[in-house]
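Participant: My structure is below; once you've seen it, I'll send some questions.
Where a number appears in this text, it was derived from the coordinates with a stated rule and is not lab data. Everything numeric in this text was worked out from a predicted model, so none of it was measured. Cβ sites come from the backbone with ideal geometry, for glycine too, and all protein chains shown count toward neighbours.
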Amino acid sequence: MIIVKTEAGHRVMKDRSIPLTPRQRSAFILFDGKRTVDQVLVATAAMGVTREDIDHMLELGLLADPAPQLTAAEDAAASAVAQAVRQHKERSPQERYAEAYLIATQLTAGLGLRGFRLNLAVEAAGNFEQLLELAPKIREAVGPEKYAPLDNALNDH
């Protein structure tokens, strides 16, 4: 486990507001965010630094494990993404139709006169299945890049 110095730890080292033993101070200096606890213990073993010394500095808030904060943030983000993907995949045909219809009408309306009949066909599509049947024609007319949002709205990607 990698440990880092906290702001409070830096302050205590300067103002000596919390008394630390010389061996604790030596161990504290070695925590640079790159060395593990075991590496610091090996490096300071000759001075008599123990795991209790490190635990004491952790309890005082002079040292901290940065991983839990990052892991919590990453877990929250991953959970939100997973939930969004789950909701996206579990959409009913009506929900897909509502989302895809808006995108399809925007795409076909942007084609001008050459997409007039396709735009009328999209507007006439009354359900998900009818819109899905028009999808290949829309893709052909607008190209795969512009079609991607519509594909995403229609399908379980």
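Participant: Between R23 and N127, with labels modelled 7 Å along Cα→Cβ, what's the label distance in nm to one decimal, could you check?
Facilitator: It works out to 7.9 nm between the two label points.
Participant: Give or take rounding to whole Å, what are the principal axis extents of the alpha carbon atoms in the chain, in descending order?
Facilitator: Projected onto its principal axes, the Cα set of the chain covers 84, 28, 26 Å.
Participant: Hey, another quick one. Report, ordered by chain and residue number, the lysines lying within cross-link reach of K34, taken as a straight Cα distance under 30 Å and ignoring same-chain residues fewer than 8 apart.
Facilitator: K5, K14
Participant: Follow-up question, since we're still on this one. Please list 3J(HN,Hα) in residue order for region 135-145, calculated via the Karplus relation 6.51 cos²θ - 1.76 cosθ + 1.60 where θ = phi - 60°; whole Hz, with x for glycine and proline.
Facilitator: For region 135-145, the Karplus curve yields 3, x, 5, 5, 4, 4, 6, 9, x, x, 5 Hz.
Participant: Computed on alpha carbon atoms, what radius of gyration and Dmax characterise region 59-138, expressed in Å?
Facilitator: When restricted to Cα atoms, region 59-138 yields Rg and Dmax of 22.3, 73 Å.
Participant: What is the packing order of peptides 84-90, 97-103, taking the mean over residues of other C-beta atoms within 10 Å and listing the highest first?
Facilitator: The most tightly packed comes first, giving 97-103, 84-90.
Participant: I would also like to ask the following. As I understand it, the dipole of the chain uses +1 on the Cβ of Lys and Arg and -1 on the Cβ of Asp and Glu, about the Cα centre. Which of A121, G110, S26 lies farthest toward its positive end?
Facilitator: Of the listed residues, the answer is S26.
Participant: Report the Cα centroid-to-centroid distance between region 91-157 and region 5-33 in angstrom, as an integer.
Facilitator: Going from one Cα centre to the other spans 63 Å.
Participant: Which value at 222 nm does the chain reach when only helices count, each DSSP H run of 4 or more adding -39,500 (n - 2.57), with the total divided by all residues and rounded to the nearest 500 deg cm²/dmol?
Facilitator: That comes out to -21500 deg cm²/dmol.
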